[in-house]
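Below you'll find the structure, written out as structure tokens, and then a few comments.
What follows is calculated from the coordinates using simple rules that are stated; it is not laboratory data. Not measured: the values here are computed from a predicted model. Every residue, glycine as well, gets a Cβ built from its backbone with ideal geometry; the counts of neighbours run over all protein chains shown.
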Amino acid sequence: MGETLYQWLLGQKQWYQQENEEDLRTELDLLEEKREKAAQRVVVYQQRMAGYYDAQVKPRSFRPDDLVLGKLGPNWEGPYKILRHTKTEAYRIATLRGKEVPNSWNAEHLKKYYI
């Protein structure tokens with residue numbers, strides 16, 4: 001028997017610490033892989049959601065003198081008349097009496113008015 005119980009326990013403790021350190025290193029290596037896979041899943045999810053959104057969006061375009069309803073507040077208001085196209089999908093509108101509405105309005109806040 002050459003060692004005491006204390007020496008044997010101390011040796012066991014050191015062995016467990018060494019095993020624990022090896023396990024921690026392995027887990028850290030796996031953690032990077034898990035992060036990369038999670039980041040890839042997020043990208044795929046975002047692409048899928050963007051595709052779904054794009055499929056649902058209906059492009060709207062208007063010409064000068066078209067009549068539209070505008071979501072300028074909580075309810076659809078109007079009709080308004082399209083004056084001109086200002087930027088990508090942005091329009092200047094006016095009331096039927098000719099008073100221009102302040103600001104440009106995005107096409108997403110306008111919809112065609114049918115008489």
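Is the shape of the stretch 67-112 rounded, prolate or oblate, going by the alpha carbon gyration tensor and its root eigenvalues a ≥ b ≥ c, with a/c under 1.5 for rounded and a/b larger than b/c for prolate? Oblate shape, in that a/c is at least 1.5 and b/c is the bigger or equal ratio.
Working from label points 7 Å from Cα in the Cα-to-Cβ sense, the S61 to L31 distance is 5.3 nm. Note on the stretch 1-57: Cα-Cα pairs beyond 17 Å make up 65% of the total pair count. In the chain the longest region clear of chymotrypsin sites (Phe, Trp or Tyr not before Pro) that are loop-assigned by DSSP and have at most 15 other C-beta atoms within 10 Å covers 1-75.
Relative to 2.2 N^0.38 Å, what does the C-alpha radius of gyration of the stretch 39-99 come to as a ratio? Two decimals please. Intermediate values should be presented prior to the final figure.
Working: Rg = 17.1 Å, N = 61, 2.2 N^0.38 = 10.5 Å.
Taking the Cα Rg and dividing by 2.2 N^0.38 Å, one obtains 1.63.
Note: relative contact order over the stretch 67-112, using C-alpha pairs below 8 Å and six or more positions apart, is 35 percent.
Per-residue ellipticity at 222 nm, computed for the chain from helices alone with -39500 (n - 2.57) per DSSP H run of at least four residues, works out to -17000 deg cm²/dmol. Dipole size of the chain about its Cα centre, with +1 on Lys/Arg Cβ and -1 on Asp/Glu Cβ: approximately 1700 debye, rounded to the nearest 20. Restricting the calculation to Cα atoms, the chain yields a radius of gyration followed by a Dmax of 33.3, 108 Å.
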